[in-house]
Amino acid sequence: MSAQGREVVEAEIGRILLEQWDPLGTRAGPAPGAYAPYAHEVYNLLARGASDVQIARRLHQAERDELQHPELVDRDLTPVVRAIRALEPRL
């Protein structure tokens, strides 16, 4: 995949993270690129063939350790992972 194609898919993952995951509540604020590093990581996980559990585990780890929202780690991320997984054919 070209670098430009990767950027497009990562941007889509970032949009999904912002719209469906958003542990910081930035959807309503001025930081739409706040999840770009996580979009990059999730892209890499998909490219390496990670399972749904591995993707959800990484997002929960980010919630707990990096974004300081441990209260969110029990929520079901199945819809988020499903939306991300739908982009997989474009990798």
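Each reported figure results from applying straightforward, stated rules to the coordinates on display, with no laboratory input. This is a predicted model, so every value here is computed, not measured. Please note: Cβ atoms are built from the backbone with ideal geometry, for glycine as well, and neighbour counts cover all protein chains shown.
Using DSSP to call loops (not H, G, I, E or B), can you name the trypsin sites (Lys or Arg not before Pro) in the chain whose Cβ has at most 11 other Cβ atoms within 10 angstrom?
Counting only loop positions with at most 11 other Cβ atoms within 10 Å, the trypsin sites (Lys or Arg not before Pro) in the chain are R48.
Return S2, S51 ranked ascending by Cβ neighbour count within 10 Å, so the fewest neighbours appear first.
Working: S2 7, S51 10.
Listed from fewest to most nearby Cβ atoms, that is S2, S51.
Express in nm, to one decimal, how much length is gained between D52 and D22 on full extension, taking 0.36 nm for each residue of separation and deducting their alpha carbon distance.
Values: separation 30, 0.36 × 30 = 10.80 nm, distance 1.82 nm.
Taking 0.36 nm per residue and subtracting the Cα distance, the gain is 9.0 nm.
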| field | Lys, Arg +1 and Asp, Glu -1 on Cβ, resulting dipole of the chain about Cα centre, debye, nearest 20 | value | 260 debye
| Among (1) 12.2, 36; (2) 12.4, 38; (3) 16.4, 47, which is the computed Rg and Dmax of the Cα atoms in Å? | (2)
| message | Helix-only mean residue ellipticity at 222 nm, the chain, DSSP H runs n ≥ 4 weighted -39,500 (n - 2.57), per residue, nearest 500. What is it? | response | -14500 deg cm²/dmol
